[in-house]
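The values are calculated or read from the model by the stated rules, or taken from the named source; none is laboratory data. The shown structure was predicted, so the numbers you read here are calculated from the model rather than taken from an experiment. Reconstructed Cβ throughout: ideal geometry from the backbone, glycine too, with neighbour counts over all protein chains shown.
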Amino acid sequence: MKKGVINLFLLSVLVFSLFPLASAGVGVSWNQETALIPEKSDICLTYGIYNPWPTDSYVKVKLSDSLQEIVESSEVKVDSIPKYTYSNSSIPVKFCFKTPVVYKEDCLLFDKFLCEQKCLEEMKVYSGEVEVLEVNEDVFKTGGSGGSSTSMSVSAPLRVKVRCLAHSRSYGLIYITVGIIALLILLWKIYKRKKKKGKK
């Protein structure tokens, strides 16, 4: 009998300790977690933050350090999520990225001209997370970073893949240069002939 009472007590403690966690919280939703774009291109990804619980939540949104290198802009205007905000009416958070040049071309002239790209390198992927931290109201008002005052957090994956665009070596510049030189030589010869006729 004593053992049964102890088990009932432990079960009650467990239930009441878990109940407050279900009274408030935040969630994150998304339609696209991976983007495949070429070098020197822009892409924006939007995530939604919601709070279906009966208590307002204060949040801070963070992006992984691994993604900071390519962030061009972010629209994180959310700071509190009203209660009963469901996923179908989530508050949008938008991040825009710009990919740098990551694949080296094989160039014959000054590392800039007569180049070709064979795309033999492994695809470059910037991978991280969008993290939503629920914080108490005092931390939010004082502008703190959360830390030990963070009650919970949720995250969503975010990946930007840089697509390599293969192309052959273009000799168009050489043809244009040769054509300009030939035209200049022709004009010079015409000028010289006219000059000789003028002297006669």
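Give Ser127, Ser155 a once-over and let me know the one that is modelled with pLDDT of 95 or more, surrounded by 13 or more Cβ atoms within 10 Å (Cβ to Cβ) and polar (S, T, N, Q).
That would be Ser127, the only listed residue that is modelled with pLDDT of 95 or more, surrounded by 13 or more Cβ atoms within 10 Å (Cβ to Cβ) and polar (S, T, N, Q).
Being more than 25 Å from Tyr126 (Cβ to Cβ) and either hydroxyl-bearing (Ser, Thr, Tyr) or touching a residue at least 40 places away in the same chain (Cβ under 8 Å) (or both) is the filter here; which residues of the range 65-82 pass it?
Result: Asp79, Ser80, Ile81.
From the residues in the range 97-121 that are within 30 Å of Ala156 (Cβ to Cβ) and in a strand (DSSP E or B), which one is nearest to the chain's Cα centre (by Cα)?
Applying the filter and picking the extreme gives Phe97.
Identify, please: which residue in the range 62-96 is more than 14 Å from the chain's Cα centre (by Cα), in a strand (DSSP E or B) and of a type outside the set (Ser, Thr, Tyr) and is, among those, surrounded by the most Cβ atoms within 10 Å (Cβ to Cβ)?
Ile81
Which residue out of Glu116, Glu137 is loosely packed, with under 14 Cβ neighbours inside 10 Å, among the acidic types (Asp, Glu) and at pLDDT 90 or above?
Just one listed residue meets the conditions, Glu116.
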